[in-house]
Amino acid sequence: MISVAQAERLIRRALKPAPTITVPLADAVGEVLREPLRADRPMPPFDRVMMDGIALSFARGKAAAGSFASREFKLPASRRCAGAVRSAASK
C-alpha cells in the first residue's frame, strides 16, 4: 500500500489541465473556472451586514408596542434572546 502523499503525487502527474475555452456567460452553466474570479469592486457597492442574524433594540420595540396588534411586547419562546453584542455605533 502507498501513502496518501505518494497517491496524490501519482494523481497530479497523471492529470492534464483542461483546455481553456471562452464562452458567453449564458452558456457557462455547468462549466468550471480554471482560475479564481475576482470582482473589480466591492459587490454590492454599499455597506452591508457581514453576518447572518438580526438585531433589535428591546427598548424601542417595547416603546412601539402600541403600534402592534398586541399591547405587550413579547418574543415567542422560540425567539428568546440568547445573548447580546453591542454594535460599535452604540458603544
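Quick note: the coordinates plus some simple rules give every number you see, no bench work behind them. Computed from a predicted model, the values in this text were never measured in an experiment. Neighbour counts run over all protein chains shown; Cβ positions are idealised from the backbone, glycine included.
Brief remarks follow.
- Over 13 Å [Cα-Cα, the range 1-47], rounded percent: 74 percent
- Computed over neighbours whose Cβ is under 13 Å from that of PRO19, the net charge equals +1, Lys and Arg +1, Asp and Glu -1.
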